[in-house]
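See structure below.
The values are calculated or read from the model by the stated rules, or taken from the named source; none is laboratory data. Values in this document were obtained by computation on a predicted structure and should not be read as measured data. So basically every Cβ, Gly included, is an ideal-geometry build from the backbone, and we count neighbours across all protein chains shown. In case anyone asks, the SASA skips ligands and DNA or RNA and just uses the protein heavy atoms, side chains included. Shrake-Rupley method; radii C 1.70, N 1.55, O 1.52, S 1.80 Å.
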Amino acid sequence: MCGIVGYIGTQAAKDILLAGLEKLEYRGYDSAGVATIWEGKLNCVRAKGKLHNLREKIQGIDNPAQIGIGHTRWATHGKPEEYNAHPHTDTHGKVAVVQNGIIENYRELREELKGRGHEFRSDTDTEVIPHLIADLMTEPMVDAPGYMPLISQFFEAVRKAVNKLEGAFAIAVICADYPDELIVARQQAPLVVGFGQGEFFCASDTPAIAPYTRAVLSLENEEMARLTPLGVEVYNFAGDRLKKTPRLLNLNPVLVEKQGFRHFMHKEIYEQPAVVRTCLEAYFNREWRPGDNQVPPINLGINPELYTDLQQIEILACGTSWHAGLVGKYLLEQLAGIPTSVNYASEYRYAPAPLRPYTLAIGISQSGETADTLAALAMENQRRTGLSAAYKARLLGITNRPES
C-alpha cells in the first residue's frame, strides 16, 4: 500500500515530508518522491529505491518551501522506475498529485486527455489525475445559472476531477498557482488530516504525523478537505460544506518505531510472545476459576448471533493479514471444529464463494482501512441482504487500530 504525507505551515516542508515517509516504510515501497512550491514554482524530486536515495538528492537543494506532498510507491501500473514514481505532474508542471489506490478508468481518461494535447511521461494510472485537474482548471467556473463558487478554481477543479475517477483512491494535490492550498480527497482508501499550531498535515496513516500532533480527522468516503494556513475545510464530492470534529490520538509514537531492530518484521517476530499474552489477557474472564462450569474462561464480547448454529467461516484478508488468517483457520478448525476458508480479499471481490447458510465472514486488516478487505465485506453484506435468516450476513472485523 502506497504512503502519502502532506504539509502546509510555517516549517520547511521537505524535512517533515521525509520524516513522515520514514514512518510509512513498514508499508513497503520501491520508489519515493516529494513535491513542494516555492516562489511560484513547483519543485518535484523523485528517486528509485530506498528513501536514502531520495534524501541524498534533496540534501543538495536549498528549498525552504512551507507546503508540499510526499509519497512512497508500491508499483501497480508501470515498473519501479523514477519516471513512474510519485508525485506526478501535468504537462506544464503546475499541478502535482500523490495517490494511494487504483484508478480503474485511467485508460479512457488518458486517451481523452491525450486527444486534448496533454503529454504523458509515465506508465501509471495516477498521472491522469494532475492532467485531468489541469484540464478542468481551464473550464469556466459556472456550472449552472446563478452558480457562484465559494472557494478557489483549484479546489473546484479537484472536486470535479474526483467525480470523474472510478476506483479506490486517496489523493493529495498542490498547484503552483495556489501556493496556500493543499487539497486532499478520499474514496475507499485511508486518509487522515492532522491539526497543529498554525500548521496542518495529511497522511495515509497516523504514524506519519503522530510526532507533530494528536488531533486528527479521518476522512470518510467521498469526502475532501482544503488545507490552508488559516485552517481546514471539509466538503463532500458534491461540494457541500461538512461539519467535522477532530479526535485525539491515543498513540505512543515509540510503539511504531523499530526500537533497535533492523526491520519492522524482525521487531514483530520478537514481539509475538508479548502480543499473544496481551491478547489473552484482554479476553480472559478474571471471574473464572478452575472447575467453574458457570462462568466461561474466555469472554470475547461478541454478539451470540454471530456464532449461534455456525457452520462455516470465511476469512477475508490481504498480505500479512492473510497469513494471520491461515493461522486462524488452523485454530478454528482444530479447536472449534468449524470448517474455515481463507480468501484473498482482492480475489474474493471478483470471485466470491457460493452462498452458504450460517456462515460468518471475518475481515482482517492491520490498519482497519485495507480497501480490498472493506470492499469484500461490503459485498458480502450486500449480496446477503434480504435473504432468509439462515443466510443473513454475519460479519466480524479484526484490526489493531481501535480508532478505525
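General remarks:
- Taking region 161-219 as the range and being assigned to a helix (DSSP H, G or I) and under 25 Å from residue 377 (Cβ atoms) as the test, the residues that pass are 162, 206, 207.
- From 351, 282, residue being of a type in the set (Gly, Ala, Ser), part of a loop (DSSP other than H, G, I, E, B) and modelled with pLDDT under 95: 351
- Selection of first residues in region 140-160 that are at pLDDT below 70 and of second residues that are crowded, with 19+ Cβ neighbours inside 10 Å and assigned to a loop (DSSP other than H, G, I, E, B), restricted to Cβ pairs under 9 Å at least 6 apart or on distinct chains, gives an empty result.
- Scan region 19-50 for residues that are in contact with a helix residue (DSSP H, G or I) (Cβ under 6 Å, 6 or more places away or on another chain), farther than 14 Å from residue 5 by Cα and open to solvent by less than 40 Å² (accessible area, probe 1.4 Å) and the total you get is 2.
- Here 57, 79 are screened, and the one residue that is closer than 28 Å to residue 262 by Cβ, assigned to a loop (DSSP other than H, G, I, E, B) and open to solvent by 60 Å² or more (accessible area, probe 1.4 Å) is 79.
- For region 302-319, the set of residues classified as in contact with a Lys or Arg (Cβ under 6 Å, 6 or more places away or on another chain) and among the hydrophobic types (A, V, I, L, M, F, W, C) consists of 306 only.
- Hits in region 304-317 - residues which are under 29 Å from the mean Cα position of the chain (by Cα) and either open to solvent by 70 Å² or more (accessible area, probe 1.4 Å) or at pLDDT 95 or above (or both): 313, 314, 315, 316, 317
- Unique match (being closer than 20 Å to residue 187 by Cα and either in contact (Cβ under 8 Å) with a residue 60 or more places away in the chain or small (Gly, Ala, Ser) (or both)) among 375, 336: 375
- Per the conditions (1) surrounded by fewer than 21 Cβ atoms within 10 Å (Cβ to Cβ); (2) touching a strand residue (DSSP E or B) at 6+ places or on another chain (Cβ under 9 Å); (3) at pLDDT 95 or above, the sole criterion not satisfied by residue 98 is (1).
- Considering only residues in region 224-237 that are free of Cβ contacts under 8 Å to residues at least 60 places away in the same chain and open to solvent by 20 Å² or more (accessible area, probe 1.4 Å), the one that is nearest to the chain's Cα centre (by Cα) turns out to be 236.
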